[in-house]
Amino acid sequence: MDLEELKRKLRKIKKLEINIRFGSLCCEKNKKLIWDKFFSTKDAYDYSVKYSLIKLLAMNHNSLKEVFNEYFYEVYYQFYKENGLAEENIFDPNLLSILDLSSDCSIEDIKKRFRELAKKYHPDCGGDSERFIELIEVYEKLIGK
């Protein structure tokens, strides 16, 4: 895939997000999009986004597929949240990223990762107490306590 083809594909998924979240008749330009934190078509070396064009061009087909899956998970999560449709088994992707977990993780994966990080950051084990408190807050938000 060349640079121009990638830009076309990214513009297409941006339009798809607008259509999914705001409807096909949406014409407001000031809507905050998930796309804006993931991608940019202005500069190939724009590292203010999660995936710059250069980074995307270097990826193989399966890696690109994972990026697009991650992106659409966040789009639909935001859509469900904005429309009051969020289910218990849908987790906030921003919280999952703090734990370094993927969007398709289970509650067991969250608990396991929490235990691993709790051992690392617990103040009694020489860890960072502020990081430990953040970890507990993230865990409680994810499991709904």
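Before moving on, here are some points about what is shown:
- Meets criteria (of a type in the set (Lys, Arg), assigned by TED's automatic domain parsing to the domain that holds residue 15, farther than 18 Å from residue 141 by Cβ and touching a helix residue (DSSP H, G or I) at 6+ places or on another chain (Cβ under 8 Å)) for residue 55: no
- Here is the figure for region 123-145: residues that are free of Cβ contacts under 8 Å to residues at least 24 places away in the same chain, out of contact with any helix residue (DSSP H, G or I) (no Cβ under 6 Å at 6 or more places or on another chain) and not basic (Lys, Arg) total 8.
- So residue 66, is it acidic (Asp, Glu) and more than 25 Å from residue 142 (Cα to Cα): no
The values are calculated or read from the model by the stated rules, or taken from the named source; none is laboratory data. Computed from a predicted model, the values in this text were never measured in an experiment. Cβ atoms come from the backbone with ideal geometry, glycine included; neighbour counts cover every protein chain shown.
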